[in-house]
1. Might you let me know whether the stretch B:280-298 holds any residue that is away from every other protein chain (no Cβ under 11 Å) and within 29 Å of A:Asn262 (Cβ to Cβ)?
2. So the check is Cβ under 8 Å with 6+ separation or different chains; which pairs have a first residue in the stretch B:176-192 that's farther than 21 Å from B:Thr152 by Cβ and a second one that's assigned to a strand (DSSP E or B) and charged (D, E, K, R)?
3. In this structure, is B:Ile278 in the same structural domain as B:Glu151 (by TED's automatic domain parsing), within 30 Å of A:Val225 (Cβ to Cβ) and touching a Gly at 6+ places or on another chain (Cβ under 6 Å)?
4. Tell me, please, whether a residue that is surrounded by fewer than 17 Cβ atoms within 10 Å (Cβ to Cβ), polar (S, T, N, Q) and assigned by TED's automatic domain parsing to the domain that holds B:Ala35 can be found in the stretch B:129-147.
5. For a quick check of your reading: which helices (runs of 4 or more DSSP H) sit entirely within the stretch A:251-343 and have at least 3 residues that are crowded, with 16+ Cβ neighbours inside 10 Å and free of Cβ contacts under 8 Å to residues at least 24 places away in the same chain?
6. Could you grab me the full set of residues in the stretch B:30-85 that are of a type in the set (A, V, I, L, M, F, W, C) and closer than 16 Å to B:Thr114 by Cα?
There are 2 protein chains.
Amino acid sequence: MNQSALLNRRILLKSRPIGAPVAENFQIEEVAIPAVQEGQVKLKTLFLSLDPYMRGRMSDAPSYAEPVQVGSVMCGGTISRVEESKHPKFQSGDLVLSYSGWQSFEISDGKGVTKLDPKMSHPSLALGVLGMPGFTAYMGLLDIGQPKEGETVVVAAASGAVGSVVGQIAKLKGCRTVGIVGGPEKCRYVTEELGFDVCIDRRADLRTELAAACPKGIDVYFENVGGAVFEAVMPLLNVRARVPLCGLISHYNDTKLPEGPNRLPQLTRTILTKRIKIQGYIISEDYRNRFGEFFSQMSTWVNEGRIKSREDVVNGLDNAPQAFIGLLEGRNFGKLIVRVASN
Amino acid sequence: MNQSALLNRRILLKSRPIGAPVAENFQIEEVAIPAVQEGQVKLKTLFLSLDPYMRGRMSDAPSYAEPVQVGSVMCGGTISRVEESKHPKFQSGDLVLSYSGWQSFEISDGKGVTKLDPKMSHPSLALGVLGMPGFTAYMGLLDIGQPKEGETVVVAAASGAVGSVVGQIAKLKGCRTVGIVGGPEKCRYVTEELGFDVCIDRRADLRTELAAACPKGIDVYFENVGGAVFEAVMPLLNVRARVPLCGLISHYNDTKLPEGPNRLPQLTRTILTKRIKIQGYIISEDYRNRFGEFFSQMSTWVNEGRIKSREDVVNGLDNAPQAFIGLLEGRNFGKLIVRVASN
């Protein structure tokens with residue numbers, strides 16, 4: 001047994017970021033792995049998911065979940081292998097979905113650990129299209145967005161883990177689907193590979209291009225970005241439009257409110273005169289009991305090739321901080337995953 | 001027959017206001033009343049309703065309804081008496097709810113004219129608690145707000161035609177009910193006569209007093225004001241709070257967006273982290289088919305004395321412009337109505 005199997009390499013939150021996170025906010029260390037006690041399992045991390053919500057956990061501003069404490073391991077969903085089990089539910093060799101965080105091993109009591117099909121050909125999909133991001137896309141679009149055939153659905157961050165699934169489901173439901181992304185390469189991917197009707201580069205003249213792409217206005221705007229994208233969308237929203245809101249990545253690094261004018265009254269006026277519904281949701285809190293329905297439908301779509309996905313895989317736990325910093329700047333292309341170990 | 005019965009006195013929109021409406025935006029004139037043709041009725045206005053939404057119709061900014069054209073009669077709901085009928089549905093003497101606007105007579109084809117119970121002791125209630133404002137309160141609170149026993153409901157403009165009904169229904173549903181009004185006299189009315197648990201003068205230190213009045217946060221905020229009131233409410237909204245939005249009276253006279261900071265991201269962040277639903281609605285558009293249900297329930301509550309209402313009656317059509325200007329400044333006390341004729 002080599003030394004790396006005896007030590008847990010892990011990344012701690014060293015300090016809370018002010019604005020954009022920097023490398024110095026993280027600390028890498030190695031510690032001994034405690035012995036497995038009765039009722040515990042030893043999990044070896046294979047894949048770590050990196051997701052925008054983690055930026056919220058790095059701050060101590062009030063939010064829907066407790067922040068990561070300074071000096072604690074960064075949180076995160078993982079695909080792991082059971083290396084040793086003294087827990088009746090798990091056996092050595094099991095492939096599991098866990099919430100082990102940014103570390104190579106975890107001693108777990110099994111809570112929140114779910115067994116995956118050991119024959120799963122691409123287990124990392126359980127962190128993407130078949131996991132939290134896909135579930136977020138599915139429930140937000142279908143339960144809150146309620147898209148109807150022929151309606152126009154606009155998706156921010158359309159090449160990302162959530163947006164790419166939203167747009168493909170909208171197409172399956174017969175909607176005109178318009179994506180917004182950063183850069184021409186992502187634009188091509190979204191239209192040519194994912195089948196969106198139109199894609200707009202957010203660095204272009206967004207208002208003009210979005211208006212041209214939505215000649216009948218916008219019926220559903222799937223919001224996970226905020227900022228300039230939302231401001232361009234607002235005037236195009238149709239009467240009775242629905243806005244599911246699951247993220248605001250353009251604001252996560254804000255240190256203060258933007259300068260004026262104050263557009264709050266513009267939004268409330270739009271909500272009033274167009275009778276719009278805006279609804280925030282947190283997939284892990286609000287739709288817990290519908291995961292089975294989602295997983296069954298999405299697995300079918302994925303197996304039939306009707307929903308595609310793309311992964312941006314970074315090798316090595318030590319690269320997680322830089323990859324995460326890039327995620328907040330839109331530098332990833334597809335679902336961002338860290339390969340922590342090969343098997 | 002005296003001369004006034006031969007002439008229609010009416011108030012036209014003379015010019016579109018910039019900011020707050022002024023007397024010069026209106027023009028009073030008298031014109032001959034055309035003869036009643038086959039299929040028509042002659043309606044004599046008894047009461048004219050004055051409501052904040054009329055400010056929107058004076059502007060030509062895009063909204064949910066067509067603006068009043070310059071040179072046309074100002075729009076408005078009325079209680080009228082049928083003076084002459086060549087329409088099979090109506091007879092001379094019938095009491096009706098109509099949309100005759102700011103004038104003493106209307107020749108109508110009967111569309112949108114509803115007969116009222118001729119024995120109704122207070123027909124003007126059909127413009128208030130038993131009419132559009134009461135209906136707005138009922139559907140917004142119950143269908144969008146979905147208040148549950150023990151929850152905290154905050155009501156802006158709580159002594160007004162809509163807010164006063166919202167708060168009383170919330171009390172009937174077992175909620176802690178907090179009103180916000182302008183001035184101590186309205187405060188007393190809201191707590192002592194309408195039975196709200198607490199009332200706050202919006203000219204006080206709103207944030208501090210609202211926080212003290214809502215120790216368990218806010219579950220439903222019934223929004224018809226906007227501005228500083230909404231900004232004070234935002235930080236107190238609970239997880240899964242609901243915000244029915246039917247008006248924004250504090251903004252109706254705005255000529256431009258307020259100065260910064262831009263609080264739009266503060267609102268969207270609140271919607272996200274607290275998973276809030278904000279939904280705009282226009283009672284006449286969105287709940288047409290539920291008027292019967294409302295009317296039946298509200299009539300019962302009113303007859304049993306469980307829902308009270310107060311009217312602010314102004315005598316004489318010529319006083320409508322000044323009364324309406326005062327309404328936008330919160331100078332009315334209760335449902336504002338113009339008595340145009342006594343019988």
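1. Scanning the stretch B:280-298 turns up no residue that is away from every other protein chain (no Cβ under 11 Å) and within 29 Å of A:Asn262 (Cβ to Cβ).
2. B:Gly182/B:Asp201; B:Gly183/B:Asp201; B:Pro184/B:Asp201
3. Values: in the same structural domain as B:Glu151 (by TED's automatic domain parsing): yes; within 30 Å of A:Val225 (Cβ to Cβ): yes; touching a Gly at 6+ places or on another chain (Cβ under 6 Å): no.
It is false that B:Ile278 is in the same structural domain as B:Glu151 (by TED's automatic domain parsing), within 30 Å of A:Val225 (Cβ to Cβ) and touching a Gly at 6+ places or on another chain (Cβ under 6 Å).
4. Taking the stretch B:129-147 first, the residues surrounded by fewer than 17 Cβ atoms within 10 Å (Cβ to Cβ) are B:143, B:146.
From what is left, the residues that are polar (S, T, N, Q) are B:146.
Keeping just the survivors that are assigned by TED's automatic domain parsing to the domain that holds B:Ala35 gives none.
No, there is no match, as no residue in the stretch B:129-147 is surrounded by fewer than 17 Cβ atoms within 10 Å (Cβ to Cβ), polar (S, T, N, Q) and assigned by TED's automatic domain parsing to the domain that holds B:Ala35.
5. On the way: elements: A:264-273, A:283-286, A:291-303, A:320-328.
In the stretch A:251-343, A:264-273 are the helices (runs of 4 or more DSSP H) which contain 3 or more residues that are crowded, with 16+ Cβ neighbours inside 10 Å and free of Cβ contacts under 8 Å to residues at least 24 places away in the same chain.
6. Step one: of the stretch B:30-85, the residues of a type in the set (A, V, I, L, M, F, W, C) are B:31-33, B:35-36, B:41, B:43, B:46-48, B:50, B:54, B:58, B:61, B:65, B:68, B:70, B:73-75, B:79, B:82.
Across the stretch B:30-85, the qualifying residues are B:Val41, B:Leu43, B:Leu46, B:Phe47, B:Leu48, B:Ile79, B:Val82.
Every residue, every condition in (1) among the charged types (D, E, K, R); (2) closer than 30 Å to A:Arg242 by Cβ; (3) modelled with pLDDT of 95 or more, yes or no:
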site: A:Gly101; (1), (2), (3): no, no, yes
site: A:Pro118; (1), (2), (3): no, no, no
site: A:Thr136; (1), (2), (3): no, yes, yes
site: A:Val153; (1), (2), (3): no, yes, yes
site: A:Ala161; (1), (2), (3): no, yes, yes
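To keep it simple, each residue is scored yes or no on (1) among the polar types (S, T, N, Q); (2) under 18 Å from B:Ile249 (Cα atoms); (3) out of contact with any helix residue (DSSP H, G or I) (no Cβ under 7 Å at 6 or more places or on another chain).
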| site | (1), (2), (3) |
| --- | --- |
| B:Lys119 | no, no, yes |
| B:Val129 | no, no, no |
| B:Met132 | no, yes, no |
| B:Ala157 | no, yes, no |
| B:Cys175 | no, no, yes |
| B:Pro184 | no, no, yes |
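The values are calculated or read from the model by the stated rules, or taken from the named source; none is laboratory data. Please read all numbers here as calculations on a predicted model, not as lab measurements. Glycine gets a Cβ as well: all are built from the backbone with ideal geometry, and neighbour counts include every protein chain shown.
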